[in-house]
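The structure appears right after this line, and notes come after that.
The values are calculated or read from the model by the stated rules, or taken from the named source; none is laboratory data. All figures in this text were calculated on a predicted structure; none of them were measured in a lab. Every residue, glycine as well, gets a Cβ built from its backbone with ideal geometry; the counts of neighbours run over all protein chains shown.
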Ligand SMILES: [Zn+2]
């Protein structure tokens, strides 16, 4: 989806190229909207790194008007019905990534876009560790930004890569430096869409309760 040809990616990092499986049937202001994220760590991320990454992702999404309630899974907090307002995000290993959708070796994650309300995404922890080796940002900040990026895909829908900000399809050194400075955000139009789409999910979720 969306990233340019490999030849155009010198010195840059594709954030995700996936995408997905589209069902045949598928077709302000920053008022706060609430989304729940069930987070599954299959990579053995340390508690400190995971906590910081969630904070980073929360700050990015909250700045756009979307508040996040996290649940570390599996746990009793992950019980109960899923639905449009409950996302499932996995932090997976390189080995697990090989078993998933076919993506570039340098891909950093993917979101499975299917139907009106997509809910499943994954980020590749080994890619966060790879990027950390450039000494431009720490793994926690990179992982958190990757989480916000993939959650962005789920909430924004198809064709959600941008030429600027956190939804850039390719991250170069300047983007990684922006992550380190805490300056990687959604654009204003993206923020409006995030809030509108999240509100629509909440309404749809309430309708089936
Ligand atoms: Zn992406």
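Per-structure values
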{"quantity": "Residue within the stretch 45-65 that is assigned to a strand (DSSP E or B) and either at pLDDT 75 or above or surrounded by 13 or more Cβ atoms within 10 Å (Cβ to Cβ) (or both) present", "calculated": "no"}
{"quantity": "Those residues of the stretch 133-159 which are surrounded by 21 or more Cβ atoms within 10 Å (Cβ to Cβ) and outside any helix (DSSP H, G or I), in sequence order", "calculated": "137"}
{"quantity": "Verdict on residue 201 being closer than 18 Å to residue 60 by Cβ, away from the ligand (no atom under 15 Å from the Cβ) and touching a helix residue (DSSP H, G or I) at 6+ places or on another chain (Cβ under 9 Å)", "calculated": "no"}
{"quantity": "Number of positions in the stretch 88-117 that are touching a helix residue (DSSP H, G or I) at 6+ places or on another chain (Cβ under 6 Å), farther than 23 Å from residue 46 by Cβ and within 15 Å of the ligand (Cβ to nearest atom)", "calculated": "1"}
{"quantity": "Considering residues of the stretch 169-197 that are touching a strand residue (DSSP E or B) at 6+ places or on another chain (Cβ under 6 Å) and at pLDDT below 95 only, the residue surrounded by the most Cβ atoms within 10 Å (Cβ to Cβ)", "calculated": "171"}
{"quantity": "Selection count where residues are assigned to a loop (DSSP other than H, G, I, E, B) and farther than 24 Å from residue 202 by Cβ, scope the stretch 106-132", "calculated": "3"}
